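Remarks on the structure that follows.
Throughout, read-outs are computed from the coordinates displayed, never taken from laboratory work. Source: prediction; values computed, not measured. Here Cβ is always computed from backbone atoms with ideal geometry, including for glycine, and neighbour counts include all displayed protein chains.
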Amino acid sequence: MPRWRPRSVRLRLALWYSAAVGLVVLIYAAGVYTFVSRSLREELDRSLHDDFEIVEQSLETARASDATAWSPEQGHHTDGSEPVRWSEVWGPVGELRFRSPGLEERPAPPTAAAGYEYASVVGAAGMPLRTLSGAHSVGASEFVVRVTRSEEGVRHELNELLMGLGLGLPIAVVLAGVGGYQLARRALRPVEHMTEQAQSITADHLRARLPVDNPDDELGRLATVFNEMLNRIEEAFERLRRFTADASHELRTPLTAIRSVGEVGLRERDGGAAYREVIGSMLEETDRLTGLVDRLLFLSRADSGRTSVRRGLVPLLALAREVTGHLSVLAEERAQTIDVEGEASIEARADPMLIREALINLVDNAIKYSPRGARVHVRVFSDGREEAALEVTDTGPGIDPEHHARIFERFYRVDQGRSRDQGGSGLGLAIARWAVAANGGRIELESEVGRGSTFRIVLASALLSSQVTGTERALHDLGQHG
Ligand code: ADP
């Protein structure tokens, strides 16, 4: 069976509050009741003791004057018509000497009773009685004395107290509940505001923020954290929107080119060579389009976390040789030379496919932006401890420091026209940065306008990296020899 839960926090708080107050009041009432009942009973016992002494005095006085004329009632005070105390006296042989009028007959206490003995008994008609019995010697004769008082008064007072406390308890609980409800309502009012405000925040309306009444209290902190999260979401949305717009724009350019080349081709009458040229341009644009789509796919996979990073040992020099070999056709077209330098033993701990992708983009840029006949230098080195680096240096136009941070953004180009003419999509460095960061590395840039640029991929070194396990190295060696 489902457990019942109050629908509002307010109600829940109020219920908890009144339950707590109820419990406290109950404990308090129990304490008060115990204390009062004990002191009332002690007082009754003290009065009984006084009564006993009075009877003793009466016995003494009787002996001093005349034993037959003795009556223990002499020293007694009677309050009202209802007798509330009585006394009984038995003689040395157990004969009843005196019993206050109105007191029912009850057997004498054992004469051997040493000292005083208190007892609670139930009298006629269920009347609660308290007795004190004891022996008293007058000369050679020993008397047994029992004084009795009604406990009715004590009972009555205790009942009244109980009634007062019993009435107070529900009142306190109800008051606490109402007070708690009001208090919770006041305390939770900002939450209601926040809920209303949050309801108005949608994907199209991300501007709104939650009200922060007091940034230092719990609710204020919650609202602040929530607002910060909204900031991040808004930024991410904005980035996504920009990315979509930029991507569409980038895709449109080659498509427009294909279309216009096609239209021009259609107007050609002599076919043959002209058509071939048109088809050639179209294929070129299609290549560009394919490259762009590939890069977009790479980035969107990376964004959605679907690109797996399989770290292993990457021999950096071999990788540099492979990449420069792959791109040497491009360099040759521009009469450029690429040289690779470094120690073959330097290895990084990374995913080789991702690092290859990053390096291709860096070397491709170096070739693309360097003038004809220039030299591109790739260097592999390590600091001998934790880091290994791949460095690509060109003698191109260099990059102004104001663009340093932004060139790694998607679709950002220092010179739109020139980059596009050179086949750039504006995604190369974004991909390179992501690929390196996914391996726990970073890309550093040193550049001076007019003198060239150096891009450096810095990775965790495998040479001395404590993370490299023997198994990994063995597998790697096997791979190299096999
Ligand atoms: P693109 O595909 O346009 O080259 P990238 O993301 O690779 O895009 O580079 C972004 C921008 O950074 C380029 O448009 C270019 O302006 C600048 N850039 C990148 N590499 C170099 C370089 N080696 N020398 C000069 N500028 C560069």
| said: Restricting the calculation to Cα positions, tell me the Rg (one decimal) and the Dmax (whole number) of region 218-303 in Å. | reply: 22.3, 80
| Counted charge near Leu59, where neighbours are those whose Cβ lies closer than 11 Å (Asp, Glu -1; Lys, Arg +1) | -2
| message | Please arrange Ile443, Ile355 by how many other C-beta atoms lie within 10 Å of their C-beta, fewest to most. | response | Ile443, Ile355
| said: Place a point 7 Å from the Cα of Ser37 along the Cα-to-Cβ direction; which residues of region 165-206 have their backbone N under 20 Å from it? | reply: 165-170
| To the nearest 500 deg cm²/dmol, what mean residue ellipticity at 222 nm is calculated for the chain from DSSP H runs of n ≥ 4 alone, each contributing -39,500 (n - 2.57), summed and divided by the residues? | -18500 deg cm²/dmol
| request: Arrange the following residues from fewest to most other Cβ atoms within 10 Å of their Cβ: His249, His403, His326. | output: His249, His326, His403
| request: Mind putting a number on the dipole of the chain about its Cα centre? Charges go on the C-beta only, +1 for Lys and Arg and -1 for Asp and Glu, and I need it in Debye to the nearest 20. | output: 2080
| request: Taking amide H positions as placed in the peptide plane 1.01 Å from N, state which residues far from Gln336 in sequence (5 or more) or on other chains have amide H under 5 Å from it. | output: Gly373
| task | Could you order peptides 374-382, 168-176 by the average number of other Cβ atoms within 10 Å of their residues, highest first? | result | 374-382, 168-176
| task | Provide, as a two-decimal number, the C-alpha radius of gyration of the chain over 2.2 N^0.38 Å, N being how many residues it has. | result | 2.25
| Can you put Phe35, Phe98 in order, fewest other beta carbons within 10 Å first? | Phe35, Phe98
